[in-house]
Structure formats: structure tokens, C-alpha cells
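Read the structure below first, then the notes.
The values are calculated or read from the model by the stated rules, or taken from the named source; none is laboratory data. Because the structure is a prediction, the values reported are computed rather than measured. Every residue, glycine among them, receives a Cβ derived from its backbone with ideal geometry; neighbour counts consider all protein chains shown.
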Amino acid sequence: MNETKSNAVWDMSECALIFIDYQDHVLDVIFAQDRRVIELNVLTLAKMALAFKIPVILSTVGVEMGANGPTIDSLRAVLPKVQDIDRSTMNAWDDPKFVAAVKATGRKRLVMCGISTSACLTYPLSARLRTVTKWHSSRTPLVTAPGNSTILPYSDLPIRELSQTQRSE
């Protein structure tokens, strides 16, 4: 990259990739997208992050409580050295271990990935935007599966809400 960096162009030295709740219990309630396609996409992202040496964070919910299973096996196989950060709350940003892991990457640009936008991404992104500090940018791209809601006609509502939130910040 040249000396003058554009705010519109991200480079790998600024990014961290975050996978939130890639667990069977979440995949089981997404009906609008084939599970194989979701897994192929997430595995491709994970492999690209490894190839570009982008830090990866895996977060799960309810595993230690015995309510849910761990990160899906296919993603664990690609990221064997990445430890899951298990939470007891839906909002990943409410968990101090999760926030500490994000800060520990030292990266300003976060790429947040979640299967269910309404549950996995809306809460942590909204919370992150409310706590924007100098250590990270207020822009966060979201990686979602099309129709990733249990209520298909409303599957794009969280994206529209988050778009409005990011514009107003």
C-alpha cells in the first residue's frame, strides 16, 4: 500500500476477524440458507485470515453452562490454535473476556461475522458503536448469510438498523 492510506481501503495489518456463535444450535434455526453454503463461506474467511495473518476471535454462548455446543467442528478444524471465548450473555460486547480479546489484537478494523444477524451481530455491534474509542474505527463490516433470520420477511431488518446506526455515528 502507498504512504497515503485511504479510509475506504483496509489493509490486513489493521483488521481482526471475529466469528460470533458459529454453533450448531444457531445453524439449526436458519432455514433460508443451506448450511453447507454457510460453512463453506465461513471456512473460506477463516482460511483467508490465516493466510494473511489476520487475528481471529471465536466466541460462543452457553457452552460452559451446558446449554449449547461448541464452535462447529469444521471451523474448529481450520482454526485449531484459536481458543473459544465462551459467554453467558447474548451480547458478546457485554463480556469482558471478549472485549479484552478484541483489544489484545491491537487492530482497529473489526470484521464481525455471525450466522444470525439479529442475535449474533446486532447487539455487539450496537454496543461497540456506543463505546467507540481511539483504539478502533467506528466502521465495522458485517458478514452475514442471506436470509439469516428465523422470520424470513424480516431477515434484512437488523442490517438496515445497523446501517442507520453506523451512518449516525
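Laid out as a table, the results:
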item: Output for the range 115-131, where each listed residue is touching a Phe, Trp or Tyr at 6+ places or on another chain (Cβ under 8 Å), at pLDDT 75 or above and not in a helix (DSSP H, G or I); result: Ile115
item: Qualifying positions in the range 33-82 - among the acidic types (Asp, Glu), at pLDDT below 95 and either in contact with a Gly (Cβ under 9 Å, 6 or more places away or on another chain) or farther than 30 Å from Asp11 by Cα (or both); result: Asp34
item: Residue in the range 1-29 that is modelled with the highest pLDDT, counting only those that are in a helix (DSSP H, G or I) and among the charged types (D, E, K, R); result: Asp24
item: Those residues of the range 61-105 which are free of Cβ contacts under 8 Å to residues at least 12 places away in the same chain and in a loop (DSSP other than H, G, I, E, B), in sequence order; result: Gly66, Ala67, Pro80, Lys81
item: Residues that are among the charged types (D, E, K, R) and buried (at least 20 other Cβ atoms within 10 Å of the Cβ), drawn from the range 58-67; result: none
item: Filter pass, Pro146 being under 22 Å from Ala46 (Cβ atoms), at pLDDT below 95 and in a helix (DSSP H, G or I); result: no
item: Test: Leu27 is within 22 Å of Ser13 (Cα to Cα) and either in contact (Cβ under 8 Å) with a residue 60 or more places away in the chain or crowded, with 19+ Cβ neighbours inside 10 Å (or both); result: no
item: Residue ID - surrounded by the fewest Cβ atoms within 10 Å (Cβ to Cβ), chosen from residues in the range 30-57 that are of a type in the set (A, V, I, L, M) and outside any helix (DSSP H, G or I); result: Ala32
item: Looking only at the range 38-52, and only at residues there that are touching a residue at least 40 places away in the same chain (Cβ under 8 Å) and within 17 Å of the chain's Cα centre (by Cα), the one that is nearest to Thr105 (Cα to Cα); result: Leu45
